Amino acid sequence: MKINTILLNIGFRILAIVAAFLFTVLIIAAIQAQPFEAYKNILLGSIGNPQKFGEVVRAWLPLIIVTSGLMVTYTAGLWNIGVEGQITMGAIFTTAVLRLLQDQSIAPGLILVLAIIAGAVGGILWASIAGLLKIYGGINEIFAGLGLNFVADAIILWLIFGPWKRPGVGSMSGTIPFKDTLRLPTLPGSPISIWPVLIAAFLVITIYIVLRGSYFGLRLKAIGKNIRAAYLKGVPTAKYMLGAFMLCGLCAGLAGAIQVTGVHFRLVPSIASGYGFLGILVAMLVNYQVLWALPVAFVFSTLNTGSIQLPIVMKLDASLSGVLQSSLVLFVLLFEGVRKKIMGKAGDG
Amino acid sequence: MPSPIKINQHVAIMNIQLIAIDKSFGNVHANDHINMVIPSGTIQGILGENGAGKTTLMKILSGFYQPDSGRILLDGQPVTIHSPSDAIQNGIGMLNQDPLDFPPLRVLDNFVLGQKGGINLKAGKARKSLEEIQNKFGFHFNPDNYVENLTVGERQQLEILRLLYLGAQVLILDEPTTGISAEQKEKIFKTLVKLIKEGKTVIFVSHKLEEVEGLCSQVVVLRQGKVVGEAKPPYKTKDLVRMMFGKEIKLAERYSCKNETPRIVLKDLCMEDSRLQIKDINLQVCRGEIIGLAGMEGSGQQLFLRSLAGLVVPVSGEISVDGKLMNRKSYHNFQKAGVYYVPAARLEEGLISGFSLTEHVVLVEDQRGFFIKTGAHRLAVQNKIKNFNIQGKPESQVEQLSGGNQQRLSLALLRSPQSVLLLEHPMRGLDMESVIDIWNKLQDYCRQGSSLFFASSDLEEVMRYSDRILVFFGGKVSKALVAEKMSVDQLGQMIGGKGFERGA
Amino acid sequence: MDSNTLTSIAGMLALAAPLLFAVIGETFTEKAGLINLSLNGTILLSAMSAFVVATSFNNIPLGFLVGGLVGMLVALIVAFSSIALKQSQVAIGFVLTLLCRDLAYFIGNPFMGSPGIRVPHLPIPGLVDISYIGPIFFNQDILVYASYLLIIFAYLWIFRTRPGLMLQGIGEKPLAAYTRGINVNRLRYIYTAVGGFLVGLAGPMYSLSVKVGWKGSLSGLDGLGWIALAITIFGAWNPLRAAFGVYLFVFLQWLGIVLQPVLIDFPSQVLQVAPFPLMILTLLLVNIGNTEWVEKMLAQTPEAFRRAIKKLIRIVRSSPPASLGVPFEKE
């Protein structure tokens, strides 16, 4: 690519970021609050605070796991909106195993390992349903995924208010918290556990290498760019698409498992915490380049963690982080469209 | 440019004059200084091969394209036709080969859609109008029937009715009889004759010699974008064919198929798709033989090739490759048996836009381990570039290559050994040098034992390179004719539909 | 039936009304060929905006107008991004649904819990006295009456008028519509705007009527937009069938509440997610004829059987507008 084109691309990206920033400033001002104070508080409540910093990292890890999984499906040209439900199912499976084995005389470490594997299985299972509906039922994965999200939501609510409810009345605060031995051990003085870090590192690096440098990755990419030509060239497209779904489900399920064993220590209705949709946003923003997802996800986690205290400190709703994140993606998409239009008019190839 | 003038539609005279119409698409000069006069009250036939420029010219006349230069005169007045709706306002209506109608809607809806009027549909009035105009021409459509239940022929008829109702004085029919029954054809032809008796004008674009000869008041022949001749009845088929396809050409060295076990055996093969049915193909092809599939596009060659490739499951019959029965095996199994299919749409189906040459090579080569070692493949890529004379670097993206180089790449990507090569219009849009180069390569393959099927609408090419020829016409397939013994005339006539024995 | 039950059923109809607006609005948009995935966020944003405006200016109609305009604006962003900027409708719609939801929560935050004003009930004299039917159908507010009319109007517009025929045309085969002189993109903008306006009206119908007030994430409105999308598909792009879907959904909800004391162990969530399996079933029926494995299977059956099956598939399936989601290029 010519140097001019690259500069132009970067220029438009920066413009989009600035536009998103201005947009949110406007919004904050519109409700008569101080924009820069809001930003200051967000930063203070996250990376500016050593205790909160750990929480940012703890939120960052499941996010990058989910995003990496989404890279796989996106490479294959699939819109895996059902990833939110896949996280939920992973969490449910994990909780089920923990509940099943918690009173057995098995080493807690082993129980945790089994539970986390179960989480992966749950995610794979849920993703496979969406995949099969698409491949053999011809159903667009957006609607299948959406439907399955809702079904997963229903299942988790039923479990929390039904069979798995706390003694007495079921409540939104979820199931009984698991005992200490069944929680992921954390580093001293920090909410971060080493295990999610290792899992995340392994998954991110593996997926990066696989997508970039393996035959599997190349074939997925071929399917994403031109599924018909890929098929004609001999790629077993159905198998590969299902494989992509399952791989993403694996990641989502693991994220769910981490949420149960390392963050909430029980099953809550919002266990997926919107990571599914957030992961899609991150992926869209970095244009599906795995390495860029790491810093961008970190920024998103910072925003999320930092906004938690906005209601207390400034009487602002924590959804400000969501506004920032979505408007970023929106403006990037819009400016991308404008850029393509202008470049097209200039007769550029 | 003169301002558009609306012709009084009630004056039923419409002479059309095309003066120096010119239209190019990139490098392709589709219409080259075309002059034509079409008197009213006649059926003007326009004959020509694929790519001769007929459809482009008609699309200009009906408002889909704008000519690069030239003028259109209607009854001596210059007009500019900016869009299809402009055209119909000037009284010109065109029937596409693929009907541009709305299958999920009813006949009445299709008839009415697009007519000017208020919010109120006035269904009652519309029904009456439909009935009136139907009766006038002897059609019997049920207004509440859904268009998707109609056959293609009926859809064409409905479209004719609609255009007439909107006041079309000129009807352009582009290959209207593709895929319709003889009965419906007769009905349409009767209608056309009635129309010209009323003083309307009909332009009949076709490659079907018998129909054109039987129907048209005069015929204009296009070739390679130019008008090459005209004819009036009584028509001499030989002359028409010669104008359409050009002179006799020299035939190349031919491979003679020795009597050995055939490589491919087709027994009582029947296949179909939404438009065509091909019945009872019996064919044996030996190693190194080249079979040319002649005929206009859409006559069944694609269906035939795809069935041989395993992409379409034949309705009945058998395909054997190298003695193995291939029925109902998947497309990928056909590939493993050495049957390779190269589609005509290079960038849409054959190659992957956004992938480099190297990536394509890696995609088709044998997998060595889990991770791609680019080094191992670099040699392969470079070899292919050298052997096939591809103008491009390993990192070049395929969409940046010229058509000729894309086709070379497609060939280079086929893994050896190849038992059967199935090529769909392989030389379409290629420069002369590429064509010669690629044919040399293909003949090499055949010398090494591969059998080759190729579809082409270029008569010269079919005659020059085939050992035997199958002619396709509306789903009918001729017996395999020995190319050496064919003349351009004969082949041209068969492509135009003549000389097909009943039940061949 | 005692008056409590009647009131309860009437309440169910009132709940159906906003959903009807949203579903019929989206039906218009999709009939024209565009998908507006942002419904979930739009409804939240329009509900909040309408509430804020209405209570600040003590003017209910103004609130409704603002709600509708918000819906229209968001829908136009989707249309513009797709038609003019050629970006993916799915991507833009998805981002907008999240953005609008978060905007609704954020901007609406200071107004949470404020006392709301409510659209007054307008029992229709005479009709309301008909036994059984009266208290159910005719003791509602003006918007519920409007929703009855909307169903009929939408159906008549699409299937019985000339412009409605054009609408069907541009959704099915824009190229053919263009050939007949129709300005496809202009109509797409218009119908997206209209559809978006109707969706936008659904918001205030909650915040100013059925679920008065704004309670942020506790207002129970999150998810309704997705349900509206599901019912649009189930409704097969036909206002009558869509209305059936809406009433069916609301009925199942109502059933869930009514039966809760009776069936203690039955998961009420089953009824709540009912639209989604229904939607998936509808989609299966739509697409099943087209999948490769079905085609391969059919290829081996005798010809007559094959034709009969294909005809059956064509009748059973509800076909989406053939060009749904595909931008229109003039050649």
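Could you check segment A:297-349 and list, in sequence order, the residues that are facing chain C (nearest Cβ under 10 Å) and among the aromatic types (Phe, Trp, Tyr)?
A:Phe331, A:Phe335
Need at least 3 residues that are in contact with a helix residue (DSSP H, G or I) (Cβ under 6 Å, 6 or more places away or on another chain) and under 26 Å from C:Asn36 (Cβ atoms) per element, so show me which helices (runs of 4 or more DSSP H) inside segment C:88-175 make the cut, counting only ones lying wholly within it.
By residue number, C:89-108, C:142-160, C:162-172.
Restricting to segment C:296-331, and then to whatever is acidic (Asp, Glu) and modelled with pLDDT under 70, can you tell me which residue is farthest from the chain's Cα centre (by Cα)?
Only one residue fits best here, namely C:Glu331.
Residue by residue, here is whether (1) in contact (Cβ under 8 Å) with a residue 60 or more places away in the chain; (2) over 20 Å from B:Ile160 (Cβ atoms); (3) part of a loop (DSSP other than H, G, I, E, B) holds:
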| position | (1), (2), (3) |
| --- | --- |
| B:Ala52 | yes, yes, yes |
| B:Asn110 | no, no, no |
| B:Gly118 | no, yes, yes |
| B:Gly124 | no, yes, no |
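Which of the residues that make up segment C:198-219 are over 15 Å from C:Ala16 (Cβ atoms) and surrounded by fewer than 23 Cβ atoms within 10 Å (Cβ to Cβ)?
Answer for segment C:198-219, where residues must be over 15 Å from C:Ala16 (Cβ atoms) and surrounded by fewer than 23 Cβ atoms within 10 Å (Cβ to Cβ): C:Val212, C:Gly213, C:Lys215, C:Gly216, C:Ser217, C:Leu218, C:Ser219.
Against the definition (among the aromatic types (Phe, Trp, Tyr) and away from chain A (no Cβ under 14 Å)), how does C:Phe80 come out, yes or no?
So C:Phe80 does not fit the description; no.
Can you pull out every residue in segment A:156-185 that is touching a residue at least 40 places away in the same chain (Cβ under 8 Å), more than 14 Å from chain C (Cβ to nearest Cβ) and outside any helix (DSSP H, G or I)?
A:Ser173, A:Gly174, A:Thr175, A:Ile176, A:Pro177, A:Phe178, A:Lys179, A:Arg183, A:Leu184
Do we have A:Ile223 as loosely packed, with under 15 Cβ neighbours inside 10 Å, within 14 Å of chain B (Cβ to nearest Cβ) and modelled with pLDDT of 90 or more here?
When the stated conditions are applied, A:Ile223 does not pass them.
If B:Ile160 satisfies all but one of (1) assigned to a helix (DSSP H, G or I); (2) within 14 Å of chain C (Cβ to nearest Cβ), what's the number of the condition it fails?
For B:Ile160, the exception is condition (2).
Looking at segment A:139-155, which of its residues are crowded, with 24+ Cβ neighbours inside 10 Å and more than 7 Å from every other protein chain (Cβ to nearest Cβ)?
Once the filter is applied, which keeps residues that are crowded, with 24+ Cβ neighbours inside 10 Å and more than 7 Å from every other protein chain (Cβ to nearest Cβ), segment A:139-155 yields A:Gly145, A:Leu148, A:Asn149, A:Ala152.
Look through segment A:228-271, keep the residues that are farther than 30 Å from A:Gln102 by Cβ and among the basic types (Lys, Arg), and return whichever of them is surrounded by the most Cβ atoms within 10 Å (Cβ to Cβ).
A:Lys233
Anything in segment C:191-206 that is of a type in the set (Gly, Ala, Ser) and touching a Leu at 6+ places or on another chain (Cβ under 8 Å)? List them, or say none.
C:Ala193, C:Gly196, C:Gly200, C:Ala202, C:Gly203
If B:Ile319 passes every condition in (1) hydrophobic (A, V, I, L, M, F, W, C); (2) out of contact with any Gly (no Cβ under 8 Å at 6 or more places or on another chain); (3) surrounded by fewer than 22 Cβ atoms within 10 Å (Cβ to Cβ); (4) not assigned by TED's automatic domain parsing to the domain that holds B:Ser402 but one, which one does it miss?
It is condition (3) that B:Ile319 fails.
Answer with yes or no whether B:Ile38 is over 17 Å from C:Ala176 (Cβ atoms), within 14 Å of another protein chain (Cβ to nearest Cβ) and either out of contact with any helix residue (DSSP H, G or I) (no Cβ under 6 Å at 6 or more places or on another chain) or among the hydrophobic types (A, V, I, L, M, F, W, C) (or both).
No.
For residues that are among the acidic types (Asp, Glu) and more than 26 Å from the chain's Cα centre (by Cα), tally how many sit in segment B:42-93.
2
Any idea which of A:Leu203, A:Leu242, A:Leu211 is at pLDDT 90 or above, within 12 Å of chain B (Cβ to nearest Cβ), more than 23 Å from B:Arg346 (Cα to Cα) and part of a helix (DSSP H, G or I)?
Among A:Leu203, A:Leu242, A:Leu211, only A:Leu211 is at pLDDT 90 or above, within 12 Å of chain B (Cβ to nearest Cβ), more than 23 Å from B:Arg346 (Cα to Cα) and part of a helix (DSSP H, G or I).
So, in segment C:176-223, how many residues would count as being closer than 21 Å to C:Phe80 by Cα, in a helix (DSSP H, G or I) and among the polar types (S, T, N, Q)?
Going through segment C:176-223 one residue at a time, the tally reaches 2.
Quick one: how many residues across segment A:158-175 are closer than 18 Å to A:Leu98 by Cβ and β-branched (Val, Ile, Thr)?
Here the count works out to 2.
The values are calculated or read from the model by the stated rules, or taken from the named source; none is laboratory data. A quick note: this is a predicted structure, and the numbers were derived from the prediction, not measured. When we count neighbours, we look across all protein chains shown, and the Cβ atoms used for this are built from the backbone with ideal geometry, even at glycine.
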